[in-house]
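Reviewing the structure listed below.
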Amino acid sequence: MDSILSLKHLKKHFESQKAVDDISLEIERGQIFGLLGPNGAGKTTLIRMITGIFYPDQGEIFFEGKKFDPLIDVAKIGYMPEERGLYKKMKVGEQALYLAQLKGLDKQAAKKKIESWFHRFGMESWWDKKVEDLSKGMGQKLQFVTTVLHDPSLIILDEPFSGLDPVNTNLIKDEIFRLAQEGSTIIFSTHRMEQVEEICDHIALVNKGQKILDGTVQDVKQQFKQHQYRITGKGLDRLALEQAPFSVVSQKDNALLIQIGAQNNSSNVLRFLLDQQVEINSFQELLPSLNDIFIQLVGNTPTARTFEKI
Amino acid sequence: MKKTWIIIEREYLTRVRKKTFVISTLLFPLLYVALIGGMGFIAEKSKETLTVAVIDSSGYFTQEAIATENTIDPSSTLVLVNNAPQENNKEEEKKYDGYIIIPSLNWQQGTDSLIFNTYKSYGSASTGVVEAKLNRIWRRLLNDSLQLDVNKQSILAQSKIGLVTKNISNQLANSATAVGIGYIAGFLVYFILIIYGSQVMMGVMEEKTNRIAEVIVSSVRPFQMMLGKIVGIGAVALTQFLIWIIFVFVVYNIGAKSGTSLGFMTEAVGGIQRMMGSVNVPLILGCFAFYFLGGFFFYASLYGAIGSAVNEDMREAQSLSFPVTMLVILSIAIMTAAVANPTGPIAVWGSLIPFSSPIVMMARIPYGVPDTVPLWQLGLSMGLLVAGFLVTVWFAGKIYRTGILMYGKKVTWKEMIRWAFTKG
C-alpha cells in the first residue's frame, strides 16, 4: 500500500515547550488512523502542521508522495478541529457554501455537493435556517458535512462524536467507514478508547511531543498482552496445581483466570488441563484494552503539561 | 487571492444586508438634518414675549417714546410705571416678567449697562429684543438731541468697520468655509476609525469565540482571513459614505429646483452651494477617500490584532484597545489646533505622522493645496500613511496568527509585540 502522508522527523518547539519533538509517521491510503495521546501531548500541534496552519521547525511532510505544499494541498484535506464552530447568524446553506468555496470549489459545484449531502443526512429543510437555531448535534452534523464536502483525500477528525446522540454517532460512524471504503484516508483523534478499538485500523500514541507507540490495533494489543487466559469449564475447582504450567490469578466457581509464564504457551496449558480431566467450555486469551494500554503508558505523565504554553 | 476575495465578499454582504446597516444609513442623515433643523426650531420656540416694567428717573423714557417703540417692534412690551415693584409682590409678578430701573442720566454720557430684574431666567434670544428696544429709544433720543437729520442718521447707521480675512494667494480658501469643512472631514474620519475599527475588532472576536477561526485557517492563511475582514468592513464604510454623498446631491438638486418651499433645506442647499463654489471639491473628496481608507487600514489592523488576542471578555478588549483609541482622540485634539493654525508646527507634524495624519490632514486640506499645504507635505503624508498601514497590517498579521488560535490566556501589549517578532 502506498502512503498518503508521511511525516519525517517533525519538530515544532514553542518558547517554553517542545510541542512536537521528532515525530515520524506513515499513514496509508484508505486507512483509519487513530492519533491518540493525553491532553497537551502535541496532537493538535501535529495536526496543525499537517493542515498547514503551522510550519514545522524541522522535518518534512510528504503528501501523496510529494513535498507538502500547504497552499495547494489544503484543498485535499478536510479538517474538523476539536474546538470548532460556525457563524451563528449565517444561514446553514450559505455557511456550507462559503466554507466550500474557501476550499476552492466553485459556487455551482459546491451547491450540488451540499444538496446531495444534505439529502443524505436529511438536512434539506435546514438550508434557510440560521446556525444559531440548530441544536448542538445538528451543528455537529453540519460541521461534518462542511469538512468532507470537497471530497478530501485526507480527512482529519478531532473528537468528531462529542455532543452527538447514539443515533447520529452511528450515522457519522457509518459515513467514516464509507469514506474510508471509497479511498479517503481518515485521521481520527479522540480520548474515547472504545471508539478507537471499534473504528481504527492503525494507531499511534503520542506523549510529551514524542511518538511512543505505533502499529495496528491488533499488533499493539499483542505487544502489551499480559499472557492471561480465561478458562471456563467443569472440574476447574479440583485441579492439582503443583505441576501447572501457569499461576492462578483468580478463581471463581467454574471460571479461572491464569497467568502463563514466558517459557510456556497456550498448548501446554491446554494439554495440562485435558490431562487433569477438565471439561473445557471456553479458553480465551485476555488482551488488554487500548484504554489499559493508554493508562499504562501515559498514566504517570504530570498533568502540568496540560497548560500548554504556545 | 481568490480566497481573500471570497472572504471580503462574505464580510461585505453579511453586513450590508443587515437591518442595522440599512437603518443606520437612512437614519444618520435624517438625524443630522433633524438636529440642525431642531436646534433652529428650539431656539425659535424658546423665545418669549416679555412684558417689562420701566421705572424712569431720567425723564428720557417717556410714555410717548415707549409707545412708539412698542408699535415698531411688538416682540416685547415695555410699560412705563412709577414705582419699582416691591419684593415678593405676587401681583406685580403676574403683570410683568421683570423691571428695569433707569437712573437719572445725562444724554451726553449715557450709561454702560442697566440691570434687568427678572422673576425667572430668560435666554438671550428673549432679553436681546428688550435690549434692542431700549437702544433704539436711546438712539432716537440722541438723534433728536444732536439734531441729526435723516441723512446724517443713515450715514451714522452705516458707518461700521468689519474685518474679513482674505487669503490673497488662494482666492478659494475662504477661512470660515475651510474651518467648517476641516472640522466636518476630520470628525467624519474620526467616526469611521472608531466605529468601523471596533467593528473589525468585534468581528475578529466573534470568529475566535465561535471557534470558527480554526476551521477557516485550515483553508486559508490567517493573514488572508484578517485582510479579508478589514477590506470587507472598509468597503461597508465606503458604501455608507457613497450613499450619503448621493443623498446630499439629491437633496441639493431637489432643494435647488423647489426653490424656497422648504426653509432650512434651502438654507442648507445655499450653504453647500457657497461651499462648493469656494473650495476644490474633487480634491477634497479624493483626499477624503484616501485618508479615510489609509487611516482605516492603519487602525483597523490594530483593532483586528487586539480582537485576535483577547478572549470573550469585553473588558479585556476595552483595556487593550484603550491605547489605540487614545491615539485617535489625540488626533482630534491635534486637529482642533490645526484648524486654528493650519500652518503651525503642530498642524504640520500632526498631518505627516501616520497615526494622526488621516484626521489632521483632512482638517488642513480645505485651506488650500498647494499654498497652505505644500505639495511635498501632502505627498510625504500620503507616502508615510501607506508605509504606516503596511507596517501595522504586517504587525497585526503576526499577532493575529498567534492570537486567533490561543485561548484562555490574558495577554498584554508587551506580549503581543513579542509575538510579532518571533518566528512562526
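Scanning the range A:67-107 for residues that are farther than 15 Å from B:Asn210 by Cα and of a type in the set (Asp, Glu), we see that the one that is farthest from the other protein chains (Cβ to nearest Cβ) is A:Asp69. Scanning the range B:394-424 for residues that are assigned to a helix (DSSP H, G or I), closer than 17 Å to B:Phe322 by Cα and away from chain A (no Cβ under 13 Å) yields B:Ala396, B:Trp413, B:Lys414, B:Met416, B:Ile417. Of the helices (runs of 4 or more DSSP H) lying entirely inside the range A:93-200, those containing at least 2 residues that are within 14 Å of the chain's Cα centre (by Cα) are A:166-181, A:193-199. Within the option set B:Ala347, B:Ala387, being out of contact with any Gly (no Cβ under 7 Å at 6 or more places or on another chain) and surrounded by fewer than 20 Cβ atoms within 10 Å (Cβ to Cβ) holds for one residue only, B:Ala387. Being more than 14 Å from chain A (Cβ to nearest Cβ), polar (S, T, N, Q), in contact with a helix residue (DSSP H, G or I) (Cβ under 8 Å, 6 or more places away or on another chain) and part of a helix (DSSP H, G or I), is that true of even one residue in the range B:189-198? Yes, the conditions are met somewhere in the range B:189-198.
Here is the figure for the range A:84-102: residues that are modelled with pLDDT under 90 and touching a Leu at 6+ places or on another chain (Cβ under 9 Å) total 1. For the range B:345-387, a residue qualifies if it is touching a Pro at 6+ places or on another chain (Cβ under 6 Å) and in a helix (DSSP H, G or I), and the qualifying residues are B:Arg364, B:Tyr367, B:Leu384, B:Leu385.
Looking at the range A:243-289, what strands (runs of 3 or more DSSP E) fall wholly within it and have at least 3 residues that are crowded, with 16+ Cβ neighbours inside 10 Å?
Numbers: elements: A:246-252, A:255-260, A:279-286.
Passing ranges, in order: A:255-260.
Going through (1) surrounded by fewer than 23 Cβ atoms within 10 Å (Cβ to Cβ); (2) hydroxyl-bearing (Ser, Thr, Tyr); (3) within 13 Å of chain B (Cβ to nearest Cβ) one by one, A:Thr45 falls short only on (1). Please determine whether any residue of the range B:126-140 is under 30 Å from B:Thr177 (Cα atoms), in contact (Cβ under 8 Å) with a residue 60 or more places away in the chain and of a type in the set (Gly, Ala, Ser). Taking every residue of the range B:126-140 in turn, at least one turns out to be under 30 Å from B:Thr177 (Cα atoms), in contact (Cβ under 8 Å) with a residue 60 or more places away in the chain and of a type in the set (Gly, Ala, Ser). When the range B:1-50 is filtered for residues that are of a type in the set (S, T, N, Q), away from chain A (no Cβ under 14 Å) and either within 14 Å of B:Ile233 (Cα to Cα) or surrounded by 13 or more Cβ atoms within 10 Å (Cβ to Cβ) (or both), the ones remaining, listed by number, are B:Ser24, B:Thr25.
Looking only at residues of the range A:147-204 that are basic (Lys, Arg) and within 16 Å of A:Trp117 (Cα to Cα), we find that the one that is surrounded by the most Cβ atoms within 10 Å (Cβ to Cβ) is A:Lys173.
The values are calculated or read from the model by the stated rules, or taken from the named source; none is laboratory data. Fair warning: this is a prediction, and the values are worked out from it, not measured in the lab. Backbone-built Cβ (ideal geometry, glycine too); neighbour counts: all protein chains shown.
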